[in-house]
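**Q** A single structure is presented below for examination.
Values in this text are rule-based calculations from the coordinates and carry no lab data. Model, not experiment: these values are computed from the prediction. We place every Cβ from the backbone using ideal geometry, glycine too, and count neighbours over all the protein chains shown.
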Amino acid sequence: MAKLQEKAAPILRVAVDVPLYRLFDYEIPETIAAERLKPGLRLSVPFGRVQKTGYLVSLEERSEVSGVRLKPIAGVLDREPLLSPGDLRLLHWAARYYHHPLGEVFASAFPSGLRQGRAAVLGRPARYVLTAQGREFEPGLLQRAPRQKLLLEAFRQCPDGLSEAELAASVDNWRPALKQLAAKALLQLDDAEIAFAVAESPPVKGNPVVCNPEQTAAVAEVCAGLDRFGVFLLEGVTGSGKTEVYMQIIGKVLERGLQVLVLLPEITLTPQLENRFRQRFAVEIEVSHSKLTDAQRQHAWLSMQQGSGAILLGTRSALFTPLPRLGLIILDEEHDASFKQQESFRFSARDVAIVRAKLANVPALLGSATPSLESLYNAQAGRYRLLRLPNRAGNAAAPAVRLLDIRNKPLQEGISEPLLAEIRQTLEKGEQVLLFLNRRGFAPRLICHDCGWVARCTHCDANLVIHFREQKLRCHHCDAEQPLVKSCLSCTGSTLRPLGLGTERVEQILPGLFPDKAVVRLDRDTTQRKGSLENYLKQINEGRADIILGTQMLAKGHHFPNVTLVAILDTDSGLYSIDFHAAERLAQMIVQVIGRAGRADKPGSVILQTRHPGHPLLTTLIREGYNGFARQALAERKAAALPPFSHQALFRVQAGDPFKPKAFLEAVKNLAAAGQTGGTLVLGPVAAPMAKRAGSYRYQLLLQDANRQALQRLLDRLLPEIDKIKKEKNLRWSLDVDPVDL
Ligand code: ADP
Ligand code: ZN
Ligand code: ZN
């Protein structure tokens, strides 16, 4: 008689948020029924001496680790997985493609509260209402407590009660008064359930503008493909009506009862778009980016995950938000480098968004005035559908652009005589001028006129930047700062000179040149305080600014309808970079800055000050526009077998010791060479462009292959072996697949 084989309980394979390329096995405690354990569940697991949040990857029959007694998990945090099987597939794909630890990839999909194991409940903001007694109470009796009286009167006018946010908006320092009223039993917390507003009305409200023929064609093409995967590249100059096209298509997706994910590169652009969306759509719109509180982001995440949110507007980090009824993904300003995460899990939100659309079988729409060379190449190859909006919407004419040769011309803090004259003329007409200089601070260098000493950062291979108003020298790479010295640290001489130009320096001379004209400077230093950027933008749009001076912050998306003259003071920085991406970035930046001018009925003009008026990048850009530049740049990339004609992966290593990083990469290179069957190029190791930064010495090793799969196979083989290389404790390495800067 066969003995009944006792079936062993399954074990749990768990991804934990640690930078290790492995998963961890746990037992199921008796108190938990194995049937309810599904992949994607958040678990609480013992890890070393602490408890951590883990993510259930799979149930396995036996553990791969032998001879160790497995620990049981401490608990299950969700009744049902918050992530769908499709979400899990995407995370697994991303971890594999970017060769990043699965636990960290999982963690990046959750807002921080959920990552820390908090309950996944859609909290609603606290609301207060008057009690029966409170409704009867005569506010006049509170004469001696004016704030309580004020509060009570506010409640009288709002029978539905007031939320904390509404209270904060109407009465200063409301909380103590509220407590006192509650103690007198005049008001209480409203605990009535708020039912989700079910959208009975159509999702699109208001009267949309009438599309021009190009917009109509673009909308029709995308809408014809709403029921399946496809990538559309919407190329349209600034002001050509791309956002209008997005909104028309979003309307159609909402009418089908589906959700839309809209990704933007910059936090600063979200309020503008959010406003336009709120005016157009009568649905729940959620916003997610890093400037919001954890609670706000968690709210957005859960409301999308539970399906009540219809539109999610967010930056890169919103990409992995679960969307059970996903119908469309839009990525605006798709060329923008900030879609690539530059630390830890180095994913490209653009590329992962396309994979997500493919897994969900929905269309992805990429938009830009200056599409990335990768996307243009994909369009040429027929993988993406190219949609063009060649003209500005409405009546706005394209600005006239010209190169201004400043060789041998006298400059006043970077401004030449001819430019000065143009600025004066524009201001006399009561129109606005925009001056672009991509360097903040007063001057990028402090030099001794006697001995040539230059103030350097002791932690980086970089000069210290002068911040004159604050009397500081500051490193823009590690944020180290010191007081502005008055005498040379080398020869003690006192003839120290600022060299080069920053926005602060230009700002200083403008009042002298243009008395009684208002100047607004927009850069990271002037917009650090919360709300300051919004204030400046308001000031500009209300016409309370004549000259707008700023860094690349200006190049991105903002509408300045009364600006009719745009000047780039120093076009040349970036013309001669060692990184092949630099030319593309520069061309995009120039075109984006140009796009700020003359958007309304006033024609604009653009002046590019340069010492290289014959440089092919500039002449092609002026003569043939961005498309001409892109054609030429792609031809150059092809000749050099650079991306998108090949694929790259970059190992970066840093350590406090100057020699260890190179030795480590030599070992990686040897591992790559051993057993190499394909033709993957292994270039380096070489010192990083900034060989020392924040006290660490840095090296890199580049892998390149025309065949993406071959490169991936090599990385698959390499990574487990790299983990075994003996290394210094403080040596840190990372892998960047599809790097956007070298
Ligand atoms: P983009 O996103 O390409 O910069 P927008 O969609 O913001 O362009 O459009 C630029 C401006 O033109 C906006 O003020 C918008 O309301 C307006 N606009 C867009 N499409 C049309 C149209 N078909 N007719 C008139 N005005 C339009
Ligand atoms: Zn000196
Ligand atoms: Zn530094």
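**Q** From zero up to wherever the largest Cα-Cα distance of region 445-566 sits, split into 5 Å bins and tell me the percent of pairs in each.
**A** 2, 10, 17, 19, 17, 12, 11, 8, 4, 1, 0
**Q** Separate question: Could you work out the percent of alpha carbon pairs in region 127-190 separated by over 14 Å, rounded to a whole number?
**A** 48
**Q** Where does region 11-116 land on Rg(C-alpha)/(2.2 N^0.38 Å)?
**A** Taking the Cα Rg and dividing by 2.2 N^0.38 Å, one obtains 1.00.
**Q** Let me ask you something else. In Å, what Kirkwood hydrodynamic radius results for region 636-742 from the alpha-carbon pair distances?
**A** Roughly 14.2 Å, rounded to one decimal.
**Q** A follow-up question, please. For region 504-608, divide the Cα radius of gyration by the Kirkwood radius and give the resulting Rg/Rh value with two decimals.
**A** In region 504-608, Rg relative to Rh is 0.97.
**Q** Check Ala462: other-chain or 5+ apart residues with amide H under 5 Å from its amide H, H built from backbone geometry?
**A** Under 5 Å from the amide H of Ala462 lie the amide H atoms of Cys457, each far enough along the sequence or on another chain.
**Q** Pop a pseudo-label 7 angstrom from the Cα along the beta-carbon direction at both Val121 and Lys184 and give the gap in nm to one decimal.
**A** Placing both labels 7 Å along Cα→Cβ, they lie 3.2 nm apart.
**Q** Where both partners of a DSSP beta bridge lie in the chain, what percent of those bridges are antiparallel, to the nearest 5?
**A** Details: 61 of 114 bridges.
Expressed as a percentage, antiparallel bridges in the chain total about 55.
**Q** Name the lysines eligible as straight-distance cross-link partners of Lys242: C-alpha to C-alpha under 22 Å, and not fewer than 8 places from it in the same chain.
**A** Answer for Lys242, where 22 Å is the Cα cut-off: Lys205, Lys252, Lys556, Lys602, listed by chain and number.
**Q** Moving on to the next point. Over its Cα atoms, what ratio of radius of gyration to 2.2 N^0.38 Å does region 198-339 give?
**A** 1.00
**Q** Also, quick follow-up: Please state, rounded to one decimal and in Å, the Kirkwood hydrodynamic radius that region 321-429 gives when every pair of distinct Cα atoms enters the mean of 1/r.
**A** The Cα-based Kirkwood calculation yields 18.2 Å.
**Q** Okay, moving on. Taking the Cα centre as origin and putting +1 on Lys and Arg beta-carbons and -1 on Asp and Glu beta-carbons, what dipole magnitude results for the chain, to the nearest 20 debye?
**A** Dipole size: approximately 1100 debye.
**Q** Less than 17 Å apart at the alpha-carbon level, and either on another chain or at least 8 residues along: which lysines does that give for Lys472?
**A** Output for Lys472: Lys486.
**Q** List the lysines whose Cα lies under 18 Å from the Cα of Lys669, skipping any in the same chain that are fewer than 8 positions away.
**A** Here the lysines satisfying the reach criterion relative to Lys669 are Lys660, Lys724, Lys726, Lys727.
**Q** Just to confirm my understanding: which cysteines in the chain have no other cysteine beta carbon less than 4.7 Å from their beta carbon?
**A** Flagged as lacking a Cys partner: Cys158, Cys211, Cys223, Cys478.
**Q** Cα-based Rg of the chain per 2.2 N^0.38 Å, rounded to two decimals? Write down the numbers at each step before the final one.
**A** Values: Rg = 29.4 Å, N = 742, 2.2 N^0.38 = 27.1 Å.
Cα-based Rg divided by the globular estimate yields 1.08.
**Q** Quick check on packing: order 372-382, 527-537 by the mean number of other C-beta atoms within 10 Å, highest mean leading.
**A** Top of the packing list down: 372-382, 527-537.
**Q** OK, next. Return the percentage of antiparallel bridges among DSSP beta bridges fully within region 447-577, rounded to the nearest 5 %.
**A** So the antiparallel bridges amount to about 70 percent of the total.
**Q** If you don't mind, there's one more thing I want to ask. Kindly rank 428-441, 36-49 from highest to lowest mean number of other beta carbons found within 10 Å of each residue.
**A** Ranking the peptides 428-441, 36-49 by packing returns 428-441, 36-49.
**Q** Taking the simple approach of a point 7 Å from Cα along Cα-to-Cβ for both Val50 and Arg445, what is their distance in nm?
**A** In this crude spin-label approximation the distance works out to 4.6 nm.
**Q** Using Cβ contacts closer than 10 Å as the measure, can you line up Tyr697, Tyr576 from fewest to most?
**A** Tyr576, Tyr697
**Q** Listed highest first by mean packing, meaning other Cβ atoms within 10 Å per residue, what order do 680-690, 347-357, 23-33 come in?
**A** 347-357, 680-690, 23-33
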